[in-house]
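> One structure, as structure tokens, below. Some questions next.
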Amino acid sequence: MTLPIDPTQIDPDDYGEHRTVLEMDHDEAIEHTREVFTDAGFGVPVEFSPSELLNEKVDADRDPYYVLGACNPAIADRVLDVTEKMGGLFPCNVVVWEEEPGRQVVYHVSIMKIARLLGIAPDDEQWQEIVDETGAMVGEAFATL
């Protein structure tokens, strides 16, 4: 199978990639990340540990890996006014995984930018305002992490 685009040719800024490393234990990093994103204007209505689930269900022996589903309800409401398809990408996930004990990676990609790249959302001024607003919030969070 050949992809319709070459992923190596896409600049990480085009899909809003953010990544940082926290020098702390895994649970502390999850709590810190949750607090920082809440302070930046996000709620966290969904969170789960794929590593715990997989370790339990299929004896995967995975290192700690946690997903925080961040959301700003006012922005989510505006987004759904533009395109109902965005629900397939909700919420905006922030992932925390243990690279090694005492070293956690926090990672996020912009579902708003990805939706535009995929044609799920329009490439217009209204959508750009949403991209800019959510981008500023995520940027603030990562600057604080």
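The values are calculated or read from the model by the stated rules, or taken from the named source; none is laboratory data. Keep in mind that what you see is a predicted model, and the values were worked out from it rather than measured. So basically every Cβ, Gly included, is an ideal-geometry build from the backbone, and we count neighbours across all protein chains shown. Ligands, DNA and RNA are excluded from the accessible area calculation, which covers all protein heavy atoms including side chains. Shrake-Rupley method; radii C 1.70, N 1.55, O 1.52, S 1.80 Å.
> Considering only the stretch 126-145, how many residues are in contact with a Gly (Cβ under 9 Å, 6 or more places away or on another chain) and open to solvent by 90 Å² or more (accessible area, probe 1.4 Å)?
1
> Of (1) under 24 Å from PRO7 (Cα atoms); (2) in contact with a strand residue (DSSP E or B) (Cβ under 6 Å, 6 or more places away or on another chain); (3) open to solvent by 40 Å² or more (accessible area, probe 1.4 Å), PHE48 satisfies all except one. Which?
(1)
> While we're here: Of the residues THR20, THR38, THR83, which single one is under 23 Å from GLN126 (Cβ atoms) and of a type in the set (S, T, N, Q)?
Among THR20, THR38, THR83, only THR83 is under 23 Å from GLN126 (Cβ atoms) and of a type in the set (S, T, N, Q).
> Within the stretch 1-18, how many residues turn out to be exposed (fewer than 13 other Cβ atoms within 10 Å of the Cβ) and not β-branched (Val, Ile, Thr)?
Residues flagged as exposed (fewer than 13 other Cβ atoms within 10 Å of the Cβ) and not β-branched (Val, Ile, Thr) within the stretch 1-18 amount to 9.
> Here are VAL36, VAL94: which of them is within 24 Å of ARG116 (Cβ to Cβ) and touching a helix residue (DSSP H, G or I) at 6+ places or on another chain (Cβ under 7 Å)?
VAL94
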